[in-house]
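Each remark here refers to the structure printed beneath this line.
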Amino acid sequence: MNTPSTYTQKKTMSTKLLNYYEAIEKASAEMLAAARSGNWDEVVKLEGACAVLIAQLKHAAQSGQLMQNEAKEKSRIMQRILLNDAEIRHLAEPWLEDLDHLMGGKPALLH
C-alpha cells in the first residue's frame, strides 16, 4: 500500500517524466515548422536539443515510471512525435536526393 508521501513522490516523478515527453514533442513540432520553411540548420539544432532531452528522460526514467493516466498521455504524445518525424523525413527526402546528386551518387570518402 502506498503511503501519502510515497504516492506524492511517485506522482512528482511521473509528472517530471511526462514533462520531458512534452518538451520533446514541442521540439519535434518546432523541427517540423523549421523543415516546412526549409530551415535545415534550425532542424539540426533542434534535433540536438531533442537528443539532450531524450538522454535526460532516459536518466530520469531509471528512478521512476509514469502513472497509468500519464502513460496514456505519453502514448498520445509519442504518436504526435512520430507523425512529426515522418513529415520531417518526407520533407528532407528531396534535400537528401540533391545532396546525393551533388556528391555524384557515390558515398563520401573519409580520410
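The table for this structure:
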read-out	value
Virtual spin-label span in nm between Ser63 and Val44, 7 Å along Cα→Cβ	3.5
Sequence-distant lysines (8 or more away, or on other chains) whose Cα lies within less than 28 Å of Lys26	Lys10, Lys11, Lys16, Lys45, Lys58, Lys72, Lys74
Using a Förster distance of 30 Å, the FRET efficiency for Lys16-Ala86 (Cβ separation, nearest 0.05)	0.60
Value of D in µm² per second that Stokes-Einstein yields for the range 1-88, Kirkwood Rh from Cα pairs, at 4 °C (1.567 mPa s)	93
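Throughout, read-outs are computed from the coordinates displayed, never taken from laboratory work. As the structure is a prediction and not an experimental result, all values here were calculated from the model. No Cβ is skipped: glycine too gets one built from the backbone with ideal geometry, and neighbour counts run over all protein chains shown.
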